[in-house]
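The next block holds one structure in the form of structure tokens; read it before the comments.
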Amino acid sequence: MSSLLTLGVTASTALPPFSLNLLEDAQAMLWYDFMRNAFLAGTAVALAAGFIGYFMLVRQLAFAGDALSHLTFAGALGAVIIDLNPLVGVFGLTSLVAVAIGALGDRARARDEVVGVALAWTLGLGVLFSSIYTATGSAASSAFGVKILFGSILGIPASQAQIAAVMGAGVILVIVLIARPLLFATLDPEVAAARGVPVRLLGVGFVLLLAIAVGEAAQVVGALLIFALLMMPAAIALRLTSRPYVGMALAALLALIITWAGLTLTFYTSYPASFLISALAVVSYLVVVATQRMGRFLAQRRVR
Amino acid sequence: MAMVSDQAAWHPLAALQVMFSYAFMRNALLAGTIVALVAGVIGYFMALRRESFAGHTLANIGFAGAAGAALVGVSPIVGLIAFGLLGAAGVGALGERSLRGRRRADIAIGAILTLALALGVLFERLSSAKAASVYAILFGSALGVSEADLREIALTAVITLLGVMLIARPLLFATLDPEVAAARGVPVRLLSYVYLALLALAVAQAIQVVGALLIFALLVAPAAAAQRLTARPGLGLALSVAIALLVTWLGLTVAYFTPYPVGFFITSFAFAAYLLARLAQIIARRILVHGTTDPGSAHGQPMAEMIREARS
């Protein structure tokens with residue numbers, strides 16, 4: 001297990017050791033450019049993911065979110081092949097599929113089908129693009145593909161971190177603005193429609209917003225990590241409270257804590273950041289589930 | 001692989017004969033046939049039960065399974081099956097698939113998916129595997145199937161199909177109307193575990209041939225197309241298998257004559273089949289607005305109604 005120490009992105013020998021003086025630790029960690037960038041981008045992505053993820057779960061769009069995060073792979077590779085910025089491909093493809101999901105899959109059963117089929121085909125497109133990309137030169141192509149899938153939060157340049165921060169702020173702003181009608185349309189679509197809330201438009205708009213959040217985040221943290229941050233904090237929040245606004249805020253807060261903790265751990269242990277953050281997210285969820293089931297079990301015994 | 005591409009236009013039959021003379025193409029077609037057969041059957045139930053997300057998750061778990069097996073030093077198929085079955089058990093246990101539990105099931109599947117992907121990343125790091133080997137797991141290598149692989153695939157396929165045949169009737173009942181089925185003493189919960197385990201097996205055996213990402217296409221698209229064409233379970237099952245087989249054969253053949261990957265063609269043909277089925281459904285509705293000559297569409301409404309009721 002000692003070989004673990006040598007595995008990370010940066011050689012851990014060059015980094016300061018962890019001490020009990022937490023303030024000094026934080027200062028030492030943030031002294032590094034790559035850590036500052038990672039924290040900036042991570043914060044923006046986590047907050048946006050927390051807010052969006054809450055609605056994603058309430059609207060039962062988990063599978064759609066998963067599919068959109070996989071699409072970024074085909075989108076980025078496709079754009080690179082025709083000499084475009086990968087961002088164009090990512091947003092182009094995810095928005096297209098988001099509109100298709102929103103428009104064709106308004107009923108839950110149809111949505112399962114539409115999302116599944118769209119996901120399957122775009123994965124095939126990803127295979128095609130990656131084979132063309134490999135054929136056109138560049139030996140590092142499969143590494144590029146893996147980087148898209150698994151992200152590299154510790155290797156992003158400052159400019160990309162700033163773009164991520166701005167886009168994250170934009171997504172949060174929009175979701176806060178439409179939170180009220182969206183919540184209404186989600187919880188009671190029929191009454192909302194009768195009161196003149198544009199239910200269908202909100203539905204498509206939300207999937208589009210989800211696509212933008214996923215596309216932006218996948219560039220920074222990888223398709224895997226964004227799904228963990230969308231899913232798990234919101235799942236915990238839904239278990240802890242049934243009040244929607246409290247739940248939204250809690251999901252964002254949890255996503256933020258998990259991301260910061262994961263980044264700090266990755267700095268001191270040099271395990272991959274995407275592994276640490278998603279593992280932390282899942283473990284927190286499982287702990288909450290286990291605690292609740294234990295509590296229910298004990299309460300039942302007391303009643304008897 | 002455009003080794004005979006110029007002949008193809010002039011002597012199609014001769015070109016096909018040449019294709020069949022290659023052992024790797026014969027193996028690929030045989031393996032593809034087995035995988036498509038199983039995927040068509042299991043996928044039909046997956047579509048009926050609206051468990052595409054679970055199927056996709058089990059396919060992604062294969063990545064962690066294969067990477068883990070490489071780390072420990074056992075055959076990938078062992079890791080694939082072990083992780084697949086564990087994942088199926090986890091989805092079942094966390095999901096508490098009750099009648100109102102759609103969201104909870106989604107979250108359970110998402111949790112398992114996240115965990116599996118995280119472990120996959122970790123294993124891949126630890127085993128110092130190259131990015132290329134991750135690609136092999138994700139995208140498969142249908143053209144590199146050996147005789148030994150074929151035997152493994154055939155064995156798991158027989159087990160999976162036998163399992164499905166044994167539980168097909170009660171599973172269909174439990175899927176379409178869980179409440180009534182439970183009231184009549186059908187073990188709904190147990191069936192859902194067994195079904196998930198079979199799905200995991202089907203995915204594990206297929207990953208080596210078409211890859212983790214593309215088995216999903218064969219599971220989801222032919223079944224979705226079949227459901228659009230008929231509401232009768234027996235006919236739908238047969239259609240789903242037929243489309244899966246056709247799509248796989250076409251994909252392998254076209255890939256043989258062009259320089260592009262098999263996976264792209266198989267998924268594209270599967271997607272085309274789904275679009276055609278949707279189109280056919282629209283046309284059939286237009287023509288048969290008043291008539292009830294088509295037994296499929298006559299049964300279609302009540303069945304869709306049943307499923308919707310079972311869901312809500």
Fill in the blank from the handout: Least to most buried among B:R169, B:R104, A:R200, by other C-beta atoms within 10 Å and fewest first, runs B:R169, A:R200, B:R104
Exercise for the section: Determine the shielding of peptide B:259-271 by partner chains: average, over its residues, the number of Cβ atoms on other chains within 10 angstrom of each Cβ. Expected result: 6
Handout entry: Between the stretch A:239-276 and the stretch B:164-242, the Cα center-to-center distance that results, in Å
Key = 36
Completion exercise
Taking r as the C-beta separation of B:A238 and A:L22 and R0 as 51 Å, the FRET efficiency to the nearest 0.05 is 0.20
Fill in the blank from the handout: Inverse of <1/r> over all distinct C-alpha pairs of chain A, i.e. the Kirkwood Rh in Å, gives 20.4
Completion exercise
Percent of all alpha-carbon pairs of the stretch B:150-248 at distances over 17 Å, whole number, is 59
Practice task
Can you tell me the relative contact order of chain A? Whole percent, Cα pairs under 8 Å, sequence separation 6 or more.
Solution key: 31
Practice task
Order by neighbour count: B:I109, A:I277, fewest other Cβ atoms within 10 Å first, most last.
Solution key: B:I109, A:I277
Handout entry: Helical segments meeting 24 Å axial Cα length and Kyte-Doolittle -1.0 threshold in chain A (DSSP H)
Key = A:33-58, A:62-81, A:86-104, A:108-135, A:158-187, A:199-240, A:244-269, A:273-303
Handout entry: Residues A:W260, A:W121, sorted so that the one with the fewest Cβ neighbours within 10 Å comes first
Key = A:W260, A:W121
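All of the numbers you see were taken from the coordinates with simple rules; none came from a lab. These figures come from a predicted structure and were not determined experimentally. Heads up, the Cβs are rebuilt from the backbone with ideal geometry, glycines too, and the neighbour counts pull from every protein chain shown.
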